[in-house]
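What follows is a single structure, written as structure tokens, with notes after it.
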Amino acid sequence: QSMCVAVMGSGGVGGYFGWRGFEKGQAAKREVNYQAALQAAQTEFANGQFESALARANEALRYKPGDAQASQVKDNAAVKLADAKAAQEKEEKYQASVKEAFAAIDAKDWAKALAKADEALGLKPDGSEAKGLKQNAQTKFNEAKSAQERQQTYLAMVNAAQAFFDLDVAGAALFLLG
């Protein structure tokens with residue numbers, strides 16, 4: 001049997017200069033990975049893919065912590081994501097208000113329908129669906145108000161006529177109902 005033993009000292013093949021070469025190679029690899037991640041982040045941001053742009057910017061920052069370009073892409077992507085989330089929440093609130101306005105119209109609750117249509121228009125002023133709902137609810141509200149006013153006038157006249165009949169003033173009662 002033969003045995004092979006290798007001994008490396010500080011002046012051997014690896015040594016200080018070998019380690020420096022290894023470090024330079026690692027630094028070059030980090031730079032290549034950083035550039036690839038940054039380029040991907042910028043491209044994805046430009047294409048509106050903000051979640052993946054944020055992930056790529058974070059990746060670039062792992063290779064080069066504190067880098068201004070990667071930080072800027074990261075910050076911009078985070079703002080776009082927050083804006084998109086806020087817009088989605090606003091749209092969901094708009095749709096909920098429109099749905100409630102439809103339900104109020106179905107229930108013939110014109111005041112509530114108007115309030116919900118106004119709420120929807122406050123969220124989305126150019127919302128054509130909410131505009132149509134408001135116009136419909138306003139028309140129905142005005143019709144109901146007018147009918148109520150006619151009903152009140154009619155009841156007032158009937159009550160006045162009844163009072164004249166009660167006083168035995170039949171001619172005046174007939175004139176009022178006339």
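The values are calculated or read from the model by the stated rules, or taken from the named source; none is laboratory data. Worth saying up front: this structure is predicted, and the values here are computed from it rather than measured. Virtual Cβ from ideal backbone geometry, glycine too; neighbours counted across all protein chains shown. Ligands, DNA and RNA are stripped out before the accessible areas are found, and what is left, the full protein with its side chains, is counted by its heavy atoms. Shrake-Rupley method; radii C 1.70, N 1.55, O 1.52, S 1.80 Å.
For the range 53-78, list residues with backbone N below 19 Å from a point placed 7 Å from the Cα of residue 27 toward its Cβ?
61-68
Counting only protein heavy atoms, what percent of the accessible surface of the range 94-152 is carbon or sulfur at a 1.4 Å probe?
Percent of accessible area from carbon and sulfur atoms in the range 94-152: 51.
Could you tally the net charge around residue 63, taking each other residue with its Cβ under 12 Å from the Cβ of residue 63, Lys/Arg +1 and Asp/Glu -1?
Its environment carries a net charge of +2.
In whole Hz, what ³J(HN,Hα) sequence does the range 131-145 give by Karplus (6.51, -1.76, 1.60; θ = phi - 60°), x for Gly and Pro?
Along the range 131-145, the couplings run 4, x, 4, 5, 4, 5, 5, 5, 4, 5, 4, 4, 4, 5, 5 Hz.
Let me check I've understood the local charge: for residue 124, count other residues with C-beta under 14 angstrom from its C-beta, Lys and Arg +1, Asp and Glu -1. What total comes out?
That sum, taken over residues with Cβ under 14 Å, equals -1.
Output ³J(HN,Hα) for the range 96-102: one whole-Hz value per residue in order, computed from phi by the Karplus curve 6.51 cos²θ - 1.76 cosθ + 1.60 with θ = phi - 60°, and x for Gly and Pro.
Whole-Hz 3J(HN,Hα) from phi for the range 96-102: 5, 5, 4, 4, 5, 5, 4.
Grab the other residues whose beta carbon is less than 9 angstrom from that of residue 41, score K and R as +1, D and E as -1, and report the net.
Around residue 41, the surrounding residues sum to 0.
Set the bar at 22 Å for Cα to Cα. Now go through 99/140; 80/131; 90/145 and name every pair that lies beyond it.
Those over the limit are 80/131; 90/145.
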